1. In the stretch 147-161, is there at least one residue being assigned to a helix (DSSP H, G or I), without any contact (Cβ under 8 Å) to a residue 12 or more places away in the chain and closer than 25 Å to residue 104 by Cα?
2. Of the conditions (1) surrounded by fewer than 14 Cβ atoms within 10 Å (Cβ to Cβ); (2) modelled with pLDDT under 90; (3) assigned by TED's automatic domain parsing to the domain that holds residue 74, residue 125 fails just one. Which one is it?
3. Failed condition for residue 164, given (1) loosely packed, with under 15 Cβ neighbours inside 10 Å; (2) assigned by TED's automatic domain parsing to the domain that holds residue 104, with all others met?
4. Would you confirm, using the coordinates I've provided, whether residue 110 is surrounded by fewer than 15 Cβ atoms within 10 Å (Cβ to Cβ), modelled with pLDDT of 90 or more and not in a loop (DSSP other than H, G, I, E, B)?
């Protein structure tokens, strides 16, 4: 059986085709204009909403970090009957809460004092009186210095630093031995 050549396409009605293309172009232009208007309206509405939110935030009172907010983070109490490491840990735990919550510095001292109980509370009463007699202000930083002097003295800190250095040296020597035996 012989192959027949493909049948030619029907003749194109050029004037009709041009009219269809013009109608499609006009529709696309109208759709584009409508979408641009909708986009601009949405942007305007978004901008208006943003300004309204910013304006309302300016008139709101900022949240003040309260004692209840501090207590929600379960800060440990301090009774003064712990070893120096426990005292140092108490300071670090308290400072971690202050930093994470962005506690105002002027409240840090009162919140720390709230956590003192038993012997530590009596220690502070005496220390505060001694500071006032010397004309020193009771600030959060002064409290920390006095607290660490009492419960984590320099002599203990020095021993801890030596222990840490010895531990680091031991680790370094062990690593050198391990690495040296593998080469």
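The values are calculated or read from the model by the stated rules, or taken from the named source; none is laboratory data. Worth saying up front: this structure is predicted, and the values here are computed from it rather than measured. Here the Cβ is made from the backbone with ideal geometry for all residues, glycine too, and neighbour counts use every protein chain on show.
1. Among the residues of the stretch 147-161, at least one is assigned to a helix (DSSP H, G or I), without any contact (Cβ under 8 Å) to a residue 12 or more places away in the chain and closer than 25 Å to residue 104 by Cα, which makes the answer yes.
2. Of everything listed in (1) surrounded by fewer than 14 Cβ atoms within 10 Å (Cβ to Cβ); (2) modelled with pLDDT under 90; (3) assigned by TED's automatic domain parsing to the domain that holds residue 74, residue 125 misses just condition (2).
3. (2)
4. Numbers: surrounded by fewer than 15 Cβ atoms within 10 Å (Cβ to Cβ): yes; modelled with pLDDT of 90 or more: yes; not in a loop (DSSP other than H, G, I, E, B): yes.
Here the answer is yes, as residue 110 does meet what is asked.
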